[in-house]
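Please read the structure below before turning to the comments.
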Amino acid sequence: GIPLIIACIIISILFVNYFCKLLKVPSKIGSLIAVGTSICGASAIVATSPAINADKEEVTYAIANITIFGIIAMFIYPFIAHYLFNGDELSIGLFLGTSIHETAQVAGAGLIYSEQYNSPTTMDIATVTKLVRNISMIVVIPFISYLYLKKSIDKKNTKPSIISMFPIFIIGFIIMGLIRSIGDYGIQISNQAFGMFLDYQWQSLINYIKSLAEYSLAIAMAAVGVSTNLVSLRTLGVRPFYVGFSAAISVGFVSYIGILFLNYFI
């Protein structure tokens, strides 16, 4: 799935840039929609916004944009994918993992498909595909930030530092993934994670951290909302939603064609 993920990311960024120019959407909100569409929705948008000095209203608009089309895809794509790929679990999982924006939405779509068609494997494939796609943040977000800042540098702006364009939280993402993997491996081999946690203790710790992460994300999203004046969103107009819709359709189409291509040659 890695070639498919790379193709979807690159083409979705190109499509967003094209539609932004076509519809005369400001490059700042276009950059936020680009990273949200190509990688992992709200997380990528929030991670990119400080690097390009995005306003709260622009962040909120981009998140709303990505969330709306992602939710629609979450409910529709499982049934479309079943029809397009004739029930092939691998192809459907790849499609859901590459064409839907948010990680939670991908998991939701995988769960819908799993329950409707009795295919838990599809949910696993979709989730793993999405997590691999998330890791690309370490490259894509600095790249998008650099492209935007390169266009906007003038006499008042100084050259941005690499650190300001790097999504620091991705380091935590990788570290926690390694900790979880090593702990689970220890449970499988010796029934102890890191030589100190029994299976039930390890699962309790994981569940506690997952709950803490969910509450933290909810607080972060609420903080963005509290600091946003919804009335001011009118000034951004409806054209960014056209960009988001076009990008969502484009990513789904590219994913479909890419999977057909891979199935033909592999």
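Checked against (1) without any contact (Cβ under 8 Å) to a residue 12 or more places away in the chain; (2) on the phi < 0 side of the Ramachandran plot, L84 meets all criteria but (1).
Do we find that Q188 is without any contact (Cβ under 8 Å) to a residue 12 or more places away in the chain and more than 26 Å from S43 (Cβ to Cβ) in this structure? In short, yes.
The selection criterion, being of a type in the set (A, V, I, L, M) and touching a Ser or Thr at 6+ places or on another chain (Cβ under 6 Å), does not hold for V106.
Taking I182 as the residue in question, decide whether it is farther than 22 Å from R133 by Cα and part of a helix (DSSP H, G or I). When the stated conditions are applied, I182 does not pass them. Here are the criteria: (1) in a helix (DSSP H, G or I); (2) at positive phi. Tell me which single one A107 does not satisfy. Only one criterion in (1) in a helix (DSSP H, G or I); (2) at positive phi is unmet by A107, namely (2).
Every listed requirement among (1) closer than 23 Å to L96 by Cβ; (2) surrounded by fewer than 14 Cβ atoms within 10 Å (Cβ to Cβ); (3) hydrophobic (A, V, I, L, M, F, W, C); (4) at pLDDT 90 or above is met by L212 save one, (1).
Comparison of Q105, Q116 shows that the only residue that is of a type outside the set (G, A, S) and surrounded by 18 or more Cβ atoms within 10 Å (Cβ to Cβ) is Q105.
Any residue that is touching a Leu at 6+ places or on another chain (Cβ under 8 Å) and open to solvent by 20 Å² or more (accessible area, probe 1.4 Å) - is there at least one of those in region 73-88? For region 73-88, residues touching a Leu at 6+ places or on another chain (Cβ under 8 Å) and open to solvent by 20 Å² or more (accessible area, probe 1.4 Å): present.
The values are calculated or read from the model by the stated rules, or taken from the named source; none is laboratory data. The structure displayed is predicted, hence computed values, not measured ones. Virtual Cβ from ideal backbone geometry, glycine too; neighbours counted across all protein chains shown. Side chains are part of the model used for accessible areas, which takes the heavy atoms of the whole protein and leaves out ligands, DNA and RNA. Shrake-Rupley method; radii C 1.70, N 1.55, O 1.52, S 1.80 Å.
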